[in-house]
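Student: Quick one: this structure, given as structure tokens, is what I'll be asking you about.
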Amino acid sequence: ELGSKISFYGVQSRQLQQNLKMIDGDLPEVIAWSLYYRYLKNEPSLVKIADLLETEDPLGFYETADDKKQRMYVYKLKKFLAESAMGMTSENIWLGEYDSFGGVIVAKNDGDIVCFHIYDFNLFRNYLLNNTKFEQASTGEDETHPGLENHNAKKKYYFGWLYEENGSHYIKLNLQIRFN
């Protein structure tokens with residue numbers, strides 16, 4: 001409404017930036033666009049966000065309609081989710097190696113257990129994409145202090161609201177993913 005343009009500035013954590021680039025050089029921007037669409041479309045589902053990225057192609061991966069058959073956004077998000085599930089964190093150096101990885105066991109909300117073995121890797125990555133969503137994390141603000149620091153909050157997050165720095169306006173978004 002104000003004619004502003006939102007653009008990706010960067011990842012706050014240098015280590016997370018490096019880890020994302022280790023997985024895929026385009027991943028910081030893919031994640032940024034994913035978060036953008038999450039809030040713009042009010043859509044937390046990663047599989048729906050991946051489909052939206054494929055349709056919109058914000059990074060210009062595709063020159064023709066046939067190029068979209070590769071589904072690069074879907075692939076990059078699946079890689080990110082799998083690496084995260086197998087040990088990549090935001091603050092530790094990720095070397096892309098799996099120590100004694102034979103599989104993953106997932107306990108579902110209904111008590112069922114799903115086991116993915118190393119030979120089920122594609123099934124595992126599909127499961128992650130289809131069963132995860134962006135979490136709406138707390139921002140450290142309340143109704144009486146919207147967009148302002150809440151000194152009574154148990155934990156200080158300070159993201160999710162607009163702020164000004166050196167004459168430019170910014171909004172810090174939090175990347176938090178969980179199972180549906």
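Where a number appears in this text, it was derived from the coordinates with a stated rule and is not lab data. Being a predicted model, the structure only gives us computed values, none of them experimental. Note: ideal-geometry Cβ built from the backbone for every residue, glycine included; neighbour counts use all protein chains shown.
Student: In degrees, nearest 10, range 0 to 90: what is the angle between the Cα axis of helix 72-85 and the longest Cα principal axis of the chain?
Tutor: 90 degrees
Student: Run the dipole for the chain about the Cα centre, Lys and Arg Cβ at +1, Asp and Glu Cβ at -1, nothing else charged, and hand back the magnitude in debye, nearest 20.
Tutor: 240 debye
Student: Also, quick follow-up: With unit charges on the beta carbons (Lys and Arg positive, Asp and Glu negative) and the dipole taken about the Cα centre of the stretch 14-134, which residue among A50, N109, L128 sits farthest to the positive side?
Tutor: Among A50, N109, L128, the one farthest towards the positive end of the dipole of the stretch 14-134 is N109.
Student: Let me ask you something else. Putting +1 on Lys and Arg Cβ atoms and -1 on Asp and Glu Cβ atoms, find which of A82, P28, L162 reaches farthest to the positive end of the dipole of the chain.
Tutor: The Cα lying farthest towards the positive end belongs to A82.
Student: I'd like the Karplus ³J(HN,Hα) series for the stretch 16-22: coefficients 6.51, -1.76, 1.60, θ = phi - 60°, whole numbers in Hz, and an x wherever there's a Gly or Pro.
Tutor: 4, 4, 5, 5, 5, 5, 4
Student: Scan around I177 for amide H atoms under 5 Å from its own, H built in the peptide plane at 1.01 Å from N, and keep only partners 5 or more places away or cross-chain.
Tutor: Result for I177 returns E135.
Student: Separation of the stretch 1-49 and the stretch 103-138 by C-alpha centroid, Å?
Tutor: That distance is 22 Å.
Student: So what's the back-of-envelope 222 nm ellipticity for the chain, counting only DSSP H runs of four-plus at -39500 (n - 2.57) apiece and dividing by all residues, rounded to 500?
Tutor: Estimated from H runs of four or more residues: -10000 deg cm²/dmol.
Student: Specify the residue with the greatest mean-square fluctuation among I93, I23, I31, computed from a Gaussian network of the chain linking alpha-carbon atoms under 10 Å apart.
Tutor: Fluctuation is largest for I93.
Student: While we're here: Using a Gaussian network for the chain with springs between C-alpha atoms less than 10 Å apart, which of these wobbles most: K41, K78, K133?
Tutor: The residue with the greatest mean-square fluctuation here is K41.
Student: Please list, ordered by chain and number, the residues whose modelled amide H lies under 5 Å from the amide H of T132; skip anything fewer than 5 residues away on the same chain.
Tutor: The answer is L46, V47, N180.
Student: Same structure, new question: Compute the helix-to-body angle for 46-56: its Cα long axis versus the longest principal axis of the chain, expressed 0 to 90° and rounded to tens.
Tutor: 80 degrees
Student: Beyond a 25 Å Cα-Cα separation, which of these cross-linked pairs lie in this structure: K48/K108; K76/K133; K69/K108?
Tutor: The answer is K69/K108.
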